[in-house]
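See below for the structure under consideration.
Read-outs: derived from the displayed coordinates by stated rules, not from any lab. Given the structure is predicted, the values throughout are model-derived calculations rather than measurements. Cβ sites come from the backbone with ideal geometry, for glycine too, and all protein chains shown count toward neighbours.
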Amino acid sequence: MVCNAGKEVVQLDAADHGLGAAARQLARMLTRTLPKNGPRRLVHGTFYARHVLDQGDGVGVIDWQRFGQGPLELDAGMFLATIWRYGFDHEPLAGEVARAEEALLAGTADLIDERVLAWHRAAALLRLAGKVYVVERRKENWLGRADALLAEATRLAELAARPDPVARVEAPALWLNGAALELILGALSTRPATPEELEQIRKLLDEKSKQGR
């Protein structure tokens, strides 16, 4: 992903010199803190939230054209980056985004390195910010949006660069079963959740919280 950072920097600098300067600083930080090679697993490659579909009886994942082998943090980082952007664009749904993030982190706690995940989230946000050449033509707030993406990416890159363990955000001790996680991810994937789905999610989360006490 770092090999593409130069392209993002160029695109952001062409759109706004301030964005370009922030992107260059971020790209340097990511280059200096590139994670060491770890276990390689099957990865989607472009695991955007919109690639997760609610199929009624389960969750489906589409657009596998760029699948390959790599760290699990690659897909997790891209998914979390895209739902963060979703919450930024749709402020009333920020709570749902936070719940989805909590569910993913709880379900992958033993599989993912938090520092490596922070690095991949930052790199994914830089990549999303680099799409400013598309966003500029369709969103009035493209400048503020790109700036927010870069600010969050820089925060995460700084976490990834710390020598001490990355502190996990305090959250309820949840261990969600497949049905709960599928419902949350499915509801976020392609459309705003319905009131009925939101109520189901709340009940599942409350039930799991009580079990964890």
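Points to keep in mind about this one:
- Measuring r between the beta carbons of residue 28 and residue 69 and using R0 = 35 Å, the FRET efficiency lands at 0.80.
- Hz values of 3J(HN,Hα) by residue in the range 140-157 - Karplus curve (6.51, -1.76, 1.60), Gly and Pro given as x: 5, 9, 4, 5, x, 5, 5, 5, 5, 4, 5, 5, 5, 4, 5, 4, 5, 4
- With a simple spin-label model that places each label point 7 Å from the Cα along the Cα-to-Cβ direction, the separation between residue 21 and residue 158 comes to 1.7 nm.
- Annotation: extensible slack from residue 141 through residue 61 equals 25.8 nm (criterion: 0.36 nm per residue apart, minus Cα-Cα distance).
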